[in-house]
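Trainee: I'd like to ask some things about the structure below.
Throughout, read-outs are computed from the coordinates displayed, never taken from laboratory work. Only a predicted model underlies this, so the values are computations on that prediction, with no experimental measurement involved. Cβ placement follows ideal geometry from the backbone for every residue including glycine, while neighbour counts extend to all protein chains displayed.
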Amino acid sequence: MKFIVQWSGLPTAENAVIERFMKTGGQTPEGVKLLGRWHAIGGLHGVAIVESDDPQAMAALTLDWGDLLTMSVFPAMTDEDLGAAVGKYQAARQ
């Protein structure tokens, strides 16, 4: 399953975030595949798309950075997946 991961942090955490990112490369835990990650310019904000079937690995991802960043994780669907779900919903209503 794909997930959207959003994060933000306070400016006071910037040096610690940079240090950890440079040390770890921002690697995801085992069981979480990073599909893409984007960082805002000029702040501790960003978004990543990850894939995992392991809720414990997803929890580990948020715990790895939870002391420095506020993270939100949402299940994600592609256009094709959403289209199939909407089509199934519409068919059931007819």
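Trainee: Using only Cα atoms, figure out Rg for the range 3-58 and give it as a multiple of 2.2 N^0.38 Å. Could you put the intermediate results ahead of the total?
Mentor: Numbers: Rg = 12.0 Å, N = 56, 2.2 N^0.38 = 10.2 Å.
Relative to the 2.2 N^0.38 Å estimate, the range 3-58 comes out at 1.18.
Trainee: Also, I was wondering about something else. Return, for the Cα atoms of the chain, the radius of gyration and Dmax in Å, separated by a comma.
Mentor: 16.2, 57
Trainee: Provide the packing ranking of 77-87, 29-39, 45-55, i.e. peptides ordered by the mean count of other C-beta atoms within 10 Å per residue, highest first.
Mentor: On the way: 77-87: 10.3, 29-39: 13.2, 45-55: 15.4.
Output ranking for 77-87, 29-39, 45-55: 45-55, 29-39, 77-87.
Trainee: Put +1 on the Cβ of each Lys and Arg and -1 on the Cβ of each Asp and Glu in the range 2-93; which of 78, 43, 12 then has its Cα farthest toward the positive end of the dipole?
Mentor: Sorting the options by dipole projection puts first 78.
Trainee: Gain in length, residue 82 to residue 63, computed as 0.36 nm per residue apart minus the alpha-carbon separation, to one decimal in nm? Write down the numbers at each step before the final one.
Mentor: On the way: separation 19, 0.36 × 19 = 6.84 nm, distance 2.94 nm.
Between residue 82 and residue 63, full extension yields an extra 3.9 nm.
Trainee: Would you mind working out the magnitude of the charge dipole of the chain relative to its Cα centre, with +1 at each Lys and Arg C-beta and -1 at each Asp and Glu C-beta, to the nearest 20 Debye? Spell out each step's value before the answer.
Mentor: Working: 7 positive and 11 negative charges, 40 e Å.
Using only the charged Cβ atoms, the result is roughly 200 debye.
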